[in-house]
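Colleague: Here it is, the structure, as structure tokens.
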Amino acid sequence: MLKGILDSYPYPIVFVDNEYIIRFMNKNAQEHHKKKGRDLMGKSIFDCHNEKSIEKIKKYYEQIKYNGKEIFVFVNSKNQRVYMQGVRNNQGKWIGFIERFELNLQI
């Protein structure tokens, strides 16, 4: 059921564990990366980012781990906002983060 819910979200969602390994991609994230010829499941999130982005990811990861708040990362070429949000399991243990996209609507 949870996979169905996440797959129905109209933008990419990627879950990354504490070792920076991609453990889940919703349907839209898979399609987004497939168009670019990338199969990222089980690989490092750093495989699809440049050095500058890698440093930002590490910095934001520490920030969300410390304060638990979602962080706005940037607006991509498709006019989508990208956010990072920390994830904890049922016992409250830190298990990684999600990277999620949403349409950047201008009002």
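Coordinate-derived values only; no laboratory data. Just so you know, these numbers come straight off a predicted model, no measurement behind them. So basically every Cβ, Gly included, is an ideal-geometry build from the backbone, and we count neighbours across all protein chains shown.
Colleague: Working carefully through the options Ile5, Ile21, find the one that is of a type in the set (Val, Ile, Thr) and under 15 Å from the mean Cα position of the chain (by Cα).
Modeller: On the way: Ile5 fails: under 15 Å from the mean Cα position of the chain (by Cα).
That would be Ile21, the only listed residue that is of a type in the set (Val, Ile, Thr) and under 15 Å from the mean Cα position of the chain (by Cα).
Colleague: Within the range 1-51, take every residue that is exposed (fewer than 15 other Cβ atoms within 10 Å of the Cβ) and polar (S, T, N, Q) and give me the one that is nearest to Val82 (Cα to Cα).
Modeller: The selected residue is Asn50.
Colleague: Okay, moving on. Return yes when Gln63 is without any contact (Cβ under 8 Å) to a residue 24 or more places away in the chain and under 14 Å from the mean Cα position of the chain (by Cα) and no when it is not.
Modeller: For Gln63, the condition - without any contact (Cβ under 8 Å) to a residue 24 or more places away in the chain and under 14 Å from the mean Cα position of the chain (by Cα) - is not met.
Colleague: Next question, about the same structure. Working carefully through the options Asn26, Asn76, find the one that is touching a Pro at 6+ places or on another chain (Cβ under 8 Å) and either of a type in the set (Asp, Glu) or under 16 Å from Leu103 (Cβ atoms) (or both). Don't jump to the end; show me each part of the working.
Modeller: Details: Asn76 fails: touching a Pro at 6+ places or on another chain (Cβ under 8 Å).
It is Asn26.
Colleague: Starting from the range 1-12, take each residue that is on the phi < 0 side of the Ramachandran plot and list its partners that are of a type in the set (S, T, N, Q) and not in a helix (DSSP H, G or I), counting only C-beta distances under 7 angstrom and pairs at least six apart or across chains.
Modeller: What qualifies is Leu6/Asn26; Asp7/Asn26; Tyr9/Asn26; Tyr11/Gln80; Pro12/Asn26.
Colleague: Over 21 Å from His33 (Cβ atoms) and either in a strand (DSSP E or B) or hydroxyl-bearing (Ser, Thr, Tyr) (or both) - does that describe any residue in the range 47-65?
Modeller: Within the range 47-65, none of the residues are over 21 Å from His33 (Cβ atoms) and either in a strand (DSSP E or B) or hydroxyl-bearing (Ser, Thr, Tyr) (or both).
Colleague: I've got another one for you. Please find, within the range 52-64, the residue that is surrounded by the fewest Cβ atoms within 10 Å (Cβ to Cβ) out of those that are among the basic types (Lys, Arg) and under 17 Å from Asp17 (Cα atoms).
Modeller: Across the range 52-64, the extreme among qualifying residues is Lys59.
Colleague: Residues that are under 25 Å from Trp94 (Cβ atoms), out of contact with any Cys (no Cβ under 9 Å at 6 or more places or on another chain) and assigned to a helix (DSSP H, G or I): does the range 9-25 have at least one?
Modeller: Within the range 9-25 (the criterion being under 25 Å from Trp94 (Cβ atoms), out of contact with any Cys (no Cβ under 9 Å at 6 or more places or on another chain) and assigned to a helix (DSSP H, G or I)), the answer is no, since none of the residues qualifies.
Colleague: Select from the range 1-55 the residues that are of a type in the set (A, V, I, L, M) and in contact with a strand residue (DSSP E or B) (Cβ under 8 Å, 6 or more places away or on another chain) and list them in ascending order.
Modeller: Result: Leu6, Ile13, Val14, Val16, Ile21, Ile22, Met25, Ala29, Leu40, Met41, Ile45.
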